[in-house]
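See below for the structure under consideration.
The values are calculated or read from the model by the stated rules, or taken from the named source; none is laboratory data. Computed from a predicted structure; not experimentally measured. Backbone-built Cβ (ideal geometry, glycine too); neighbour counts: all protein chains shown. In case anyone asks, the SASA skips ligands and DNA or RNA and just uses the protein heavy atoms, side chains included. Shrake-Rupley method; radii C 1.70, N 1.55, O 1.52, S 1.80 Å.
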Amino acid sequence: MRNFDYFAVNYRQTFMQEITDYINNDFKAIDSMESIETVQDFFARTPYSHFPVLEENIYIGSIAANDVETYETDKKLKHYRYAFEGFYARTNMIWLDVIEIFAQNHTNVIPVLDDENKYVGYYEITDIIKFFYDTPFLREQGGILIVEKNIVDFSMSQIVQIIESNNGKVLGLFISETSAETVQVTIKMALGGMNEIIQTFRRYSYEIISEHQEDNYLNSLKERSDYLDKYLNM
């Protein structure tokens, strides 16, 4: 377990550092004293679903493009403060946390605050997706394996140990589905002995959810062997 904890901590530190390179300041945050007409014009020229709003340089929320379309053009943005959405990311968040905020708030822009709640910029969903594509999980060639086990007996460190003990290399893994009784883990690995890895998972009571050519080949041999035994015993 200690080896996996070390891997997880270093993984988090590495990706926390790299994702902050994508903090954007191409457009200044909208001031709450801006007119609605100006804000409507801003959204007409940009592809953003939301954008951060500052009041005296303090982040007070994000305004949605769809909401602004319904506002009276002669009023100030501050008059609609009740409609601002308060989501944001921290500079110390890793990319998985940031993606979760994108998904939960149905937005393509997330304001970024530091530990002292100072606004430092924003993330765009296209940049974060590009960052995801550049990770070894997608960039490196390898095989995908989905395993399932009783949630009580589930162990990330055991999964890593099974793969590495069969000369495999973990490129990434995440919990892709859970229920009250079971947990599924999606793993990407540099191909070692896939069949040996699959059989080892089975010995440790993991169910193989994904299909694999090597595994199907063995199943086919078993089916043919069973058929031959049945034929010879007729």
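Looking for whichever is open to solvent by less than 60 Å² (accessible area, probe 1.4 Å), within 12 Å of residue 20 (Cα to Cα), acidic (Asp, Glu) and touching a helix residue (DSSP H, G or I) at 6+ places or on another chain (Cβ under 9 Å) here; the options are 114, 67, 127. Which one fits?
127
Sort out which residues of region 133-158 are aromatic (Phe, Trp, Tyr), out of contact with any Lys or Arg (no Cβ under 6 Å at 6 or more places or on another chain) and surrounded by 13 or more Cβ atoms within 10 Å (Cβ to Cβ), and write them in order of number.
Hit for region 133-158 is 154, nothing else.
When you scan region 91-109, do you find a residue that is modelled with pLDDT of 95 or more, aliphatic (A, V, I, L, M) and open to solvent by less than 20 Å² (accessible area, probe 1.4 Å), even just one?
Yes, region 91-109 has at least one match.
A quick yes/no check of all residues on (1) of a type in the set (Val, Ile, Thr); (2) surrounded by 18 or more Cβ atoms within 10 Å (Cβ to Cβ); (3) closer than 17 Å to residue 137 by Cα:
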position	(1), (2), (3)
160	yes, yes, yes
166	no, yes, no
172	no, no, yes
181	no, no, no
187	yes, yes, yes
190	no, no, yes
198	yes, yes, no
204	no, no, no
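So which pairs qualify, if the first residue must be in region 148-174 and closer than 21 Å to residue 132 by Cβ and at pLDDT 90 or above, the second must be β-branched (Val, Ile, Thr) and open to solvent by 30 Å² or more (accessible area, probe 1.4 Å), the Cβ gap must be under 9 Å, and the two must be at least 6 apart or on different chains?
Pairs that qualify, where the first residue is closer than 21 Å to residue 132 by Cβ and at pLDDT 90 or above and the partner is β-branched (Val, Ile, Thr) and open to solvent by 30 Å² or more (accessible area, probe 1.4 Å), are 156/175.
Could you tell me whether residue 161 is part of a helix (DSSP H, G or I) and among the polar types (S, T, N, Q)?
The answer is yes for residue 161.
Would you please name the residue that is least open to solvent (accessible area, probe 1.4 Å), looking only at residues in region 80-89 that are outside any loop (DSSP other than H, G, I, E, B) and touching a helix residue (DSSP H, G or I) at 6+ places or on another chain (Cβ under 8 Å)?
The extreme case among them is 89.
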